[in-house]
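What follows is calculated from the coordinates using simple rules that are stated; it is not laboratory data. The model shown is predicted, which means the values in this text are computed figures rather than measured ones. Methodologically, a virtual Cβ is constructed for each residue, glycine included, from the backbone with ideal geometry; neighbour enumeration extends over all protein chains shown.
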Amino acid sequence: MSKKIGVISLLLLIIGLAAWLIYSNKNKSSTVNLVSEYGDVVKQSASAPIELKHESAPDISLTAMLRAGIYTNQGVLQSESINIGNIAGRRLILNGQPLQVQAVSEIELIKAFELSNQQIVLFGFNQGGNQCGIQYQMLSISESTSSVSKVFGSCLQLSSVIESGNEIILSMPQNNPYLGADVLVNYKYSNGQIYEQAKLTKQQLKQKYANLSASKILQVASADGCYVDGIMLDDNSCGNGRKYCVMFKNLTHPVKNADYKLLKSFCTN
């Protein structure tokens, strides 16, 4: 009887050990699979919108990949939680070493590129406060070095990101209430540096609004809900009317009709 009990105990021990090994291997495999290959991140970012909408977000977002880890030329790139003063935030680490990218919000991975044997990643984040909704930073990784760009942006969402040779051109609204959201500012990323390209000059503004008239400006204001029942609205939702006054002040050879006189009175008071 004691021999039977011993055999049964041994069998149970072997079965238990085998089950533990199977569970351990599965768990180890799933942990390793959480870390993404950089090439997979590039492929996913090529089809992902710049500004993710909830309904268009993929099952595993680029930012979720960043949290779990991404294999790069210099080890795993990952975001981790930290405390910034008394505020919870996040920062980036590469191969276990912190980078000069941290924020009081989630660090969003927006796009990933492969240019001239370099892995280049674009991030967006919020540093807190109501004045600036989003800022950007770029990271370049080669087999021997890595570098982080300065923080940049107009505090508004990107309109486009375009690869041009070995450069990346990023466009977004200028965030100037005098000009409106249709006037963009461009940033060029080249050789690890970010450059703000020239904004519109007065001459370019005149060219931009050359085909406008006072009546067309009022039509634009009406479509924006800022010209109602013959009255120009100057509240905050209409940018205090500054957008339309910039248009008006850059008219060339205007017809001085009733619409012109209305805008002149509004913009000079």
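Working from label points 7 Å from Cα in the Cα-to-Cβ sense, the L115 to N211 distance is 3.2 nm.
Scalar couplings 3J(HN,Hα) for segment 60-65, obtained by applying the Karplus form with A = 6.51, B = -1.76, C = 1.60 to θ = phi - 60°, are 10, 6, 4, 5, 5, 4 Hz; x denotes Gly and Pro.
On full extension, the segment bounded by A64 and K150 gains 28.6 nm, given 0.36 nm per residue less the C-alpha separation. Taking amide H as placed 1.01 Å from N in the peptide plane, the amide H of V185 sits under 5 Å from that of M172, Q174, each at least 5 places away or on another chain.
Sparsely packed loop sites in segment 192-269 (the trypsin sites (Lys or Arg not before Pro) outside DSSP H, G, I, E and B with at most 12 other Cβ atoms within 10 Å) comprise K256.
Stretched out straight at 0.36 nm per residue, the stretch from Q131 to Q197 would grow longer than its current Cα-Cα span by 21.5 nm. Share of pairwise Cα-Cα distances greater than 22 Å in segment 187-269 is 35 percent (whole percent).
For T72, the residues whose modelled amide H falls within less than 5 Å of its own, excluding neighbours fewer than 5 places apart on the same chain, are L77. You can think of it this way: the chain between V42 and S142 has 34.5 nm of extra reach, that is 0.36 nm per residue less the Cα-Cα gap. Phi angles of segment 192-197 translate, via the Karplus equation with coefficients 6.51, -1.76, 1.60 and θ = phi - 60°, into HN-Hα couplings of x, 10, 10, 10, 7, 7 Hz per residue; Gly and Pro are given as x.
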